[in-house]
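J.: First the structure, then my questions, so here it is.
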Amino acid sequence: MSRRRISLRQELPLLVWLVIVWGALWQDFTPGNLLFGALLAVAVARLFYLPPVELSGRFSVLRAIPFAVQFLGRVVAASFQVFYLAVAQGPRVTNAVVAVPLRSHSDLMVTATGHVISLIPGSLVVEVDRSTSTLYIHGLNVRNADDVRKLRKEVRDTEAGLIRVMGTKEELEALNLEAAT
Amino acid sequence: MELVLTVTAVVLSLAAAGAIVRIARGPSLLDRVLAADVLLAILGAALCIDMAVNRHLNNLMLLVAVSVIGFIGSVTVARFVADRREQLNES
Amino acid sequence: MNPDASAVDTAVDVVSAVFMIVGAVMSLAAAIGLLRFPDLMSRMHAATKPQVLGLFLLLAAVGLQLRTWWVWPVLLVAWIFQLLTVPVSAHMVGRAGYRTKHLHRELLSTDELEAVVLKAAEAAREQDSDGGR
């Protein structure tokens, strides 16, 4: 547990988030209130020091917007799919637990991928193996090996999208190399 | 707006009835926790519809509080169930 | 009032009405899933996930009805809050359910975690007996 300082640049997204929450709680976005919120955010981040979230310091807005739109689209599609399954198949549904090894070994990346996968209906993270960064995913309506392959590809694609949005440079290079071959 | 209010009220009542049936029948504790969570979410949906129809924001913090209670409740019970099981295995 | 503004008003009303009804139907989907699915894990899929979309639609309807810009960040914070908490509680319940054998094995087509869990349990038992000696 090293207590090295992280640069302000790395901390900035978290501070901005704290200020937005402050403004939302007061339901008041006047500059004075936001300034006071910013002061409080810095004070809180200094006083209640937590192990730093290791952001890569890279965030591509250009990639983030299509990713968010795609995410919303998949949530909508999958919600209706689960609804259909509940009505049409009900008790006869078949599931599977699938192991998906991820490319990235950073905690943030594994957490983010797990969150996104859990939010999309039809898949759920049951267990995480941190040492090999493997996610064990419970999938709804997975009947055969073909469906397993599809689920695994979906998870890996989600991770690839997240790496493009906020992965480190090394991860991005590895991803490009993989896509090229 | 009146029509929307009626339709959503009926739909949400049906949903709440379904969740309550699952709470009563649920074969295990976790099933009941899950159904209680859904019941809270339905309550949150009703709060949202009230805000949208009557155009106010008074319920917003209540909505956040309800989701926090659901979250803390299900996590606590899930941990408790897992722990108890492990102790049983050891003894 | 000029007719243009009232037309926009009606359109906003219709869109928010559709959002509210679909959002409420998502809650119904959760309840139907709870009643119809056979085991805890598949019930969980139905229970937690449609709520994400449902709450999104309902909050969007609130934002449309209030017609002021500053409610959008507030609603966004409320929604992101839900995005952060829902997977965590679903994962905790799911993990407890898997560990306590609440799922029906005959309903699984593949289970790639079972072998790993068995191996871990074996290793833990060996360590225990080593420590006991």
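The values are calculated or read from the model by the stated rules, or taken from the named source; none is laboratory data. Predicted model only: the values in this text are computed from it and were never measured. Note: ideal-geometry Cβ built from the backbone for every residue, glycine included; neighbour counts use all protein chains shown.
J.: Are there any pairs with C-beta distances below 7 angstrom linking a residue in the stretch A:100-127 that is more than 21 Å from C:S42 (Cα to Cα) to a residue that is charged (D, E, K, R), with the two at least 6 apart or on different chains, and if so which?
T.: A:L102/A:E159; A:R103/A:E159; A:R103/A:E171; A:S104/A:E159; A:S104/A:E171; A:S106/A:E54; A:L108/A:E54
J.: For the stretch A:128-164, how many residues meet the condition of being free of Cβ contacts under 8 Å to residues at least 40 places away in the same chain, under 19 Å from A:V75 (Cβ atoms) and more than 17 Å from the chain's Cα centre (by Cα)?
T.: Qualifying residue count, the stretch A:128-164: 1.
J.: Can you find a residue in the stretch B:74-87 that is out of contact with any Gly (no Cβ under 6 Å at 6 or more places or on another chain), in a helix (DSSP H, G or I) and among the hydroxyl-bearing types (S, T, Y)?
T.: For the stretch B:74-87, residues out of contact with any Gly (no Cβ under 6 Å at 6 or more places or on another chain), in a helix (DSSP H, G or I) and among the hydroxyl-bearing types (S, T, Y): present.
J.: Find the residue count for the stretch C:39-65, including only residues that are surrounded by fewer than 24 Cβ atoms within 10 Å (Cβ to Cβ) and charged (D, E, K, R).
T.: The qualifying residues number 1.
J.: Would you mind stating whether A:V19 is modelled with pLDDT of 85 or more, of a type in the set (V, I, T), within 22 Å of the chain's Cα centre (by Cα) and in the same structural domain as A:K169 (by TED's automatic domain parsing)?
T.: Criteria not met by A:V19.
J.: Same structure, new question: Just give me the residues in the stretch C:7-38 being more than 9 Å from chain B (Cβ to nearest Cβ), touching a helix residue (DSSP H, G or I) at 6+ places or on another chain (Cβ under 7 Å) and surrounded by fewer than 23 Cβ atoms within 10 Å (Cβ to Cβ), in sequence order.
T.: Listed by number, the residues that qualify are C:V12, C:V15, C:V22, C:R36, C:P38.
J.: I've got another one for you. For the stretch A:126-144, how many residues meet the condition of being buried (at least 19 other Cβ atoms within 10 Å of the Cβ) and of a type in the set (D, E, K, R)?
T.: 1
J.: Now a separate question. Has the stretch A:23-36 got any residue that is under 30 Å from C:G23 (Cβ atoms), at pLDDT 85 or above, surrounded by fewer than 15 Cβ atoms within 10 Å (Cβ to Cβ) and not aliphatic (A, V, I, L, M)?
T.: Within the stretch A:23-36, none of the residues are under 30 Å from C:G23 (Cβ atoms), at pLDDT 85 or above, surrounded by fewer than 15 Cβ atoms within 10 Å (Cβ to Cβ) and not aliphatic (A, V, I, L, M).
J.: State the number of residues belonging to the stretch A:85-125 that are within 7 Å of chain C (Cβ to nearest Cβ), part of a strand (DSSP E or B) and buried (at least 21 other Cβ atoms within 10 Å of the Cβ).
T.: Residues meeting the conditions: 6.
J.: Something else: Taking the stretch C:44-58 as the region of interest, how many residues are of a type outside the set (V, I, T) and within 24 Å of A:I137 (Cα to Cα)?
T.: Matching residues across the stretch C:44-58 total 9.
J.: Conditions first: (1) touching a helix residue (DSSP H, G or I) at 6+ places or on another chain (Cβ under 7 Å); (2) farther than 23 Å from C:A11 by Cα; (3) surrounded by fewer than 21 Cβ atoms within 10 Å (Cβ to Cβ). B:M1 passes all but one, so which condition is the exception?
T.: Checking B:M1 against (1) touching a helix residue (DSSP H, G or I) at 6+ places or on another chain (Cβ under 7 Å); (2) farther than 23 Å from C:A11 by Cα; (3) surrounded by fewer than 21 Cβ atoms within 10 Å (Cβ to Cβ), the one that fails is (2).
J.: Please tell me if A:T132 is assigned to a loop (DSSP other than H, G, I, E, B), within 13 Å of another protein chain (Cβ to nearest Cβ) and touching a strand residue (DSSP E or B) at 6+ places or on another chain (Cβ under 9 Å).
T.: In short, yes.
J.: While we're on this one: When the residues of the stretch C:87-116 are filtered to those that are under 27 Å from A:F71 (Cβ atoms) and more than 7 Å from chain A (Cβ to nearest Cβ), which remaining residue is modelled with the lowest pLDDT?
T.: Looking at the filtered set, the residue picked out is C:G97.
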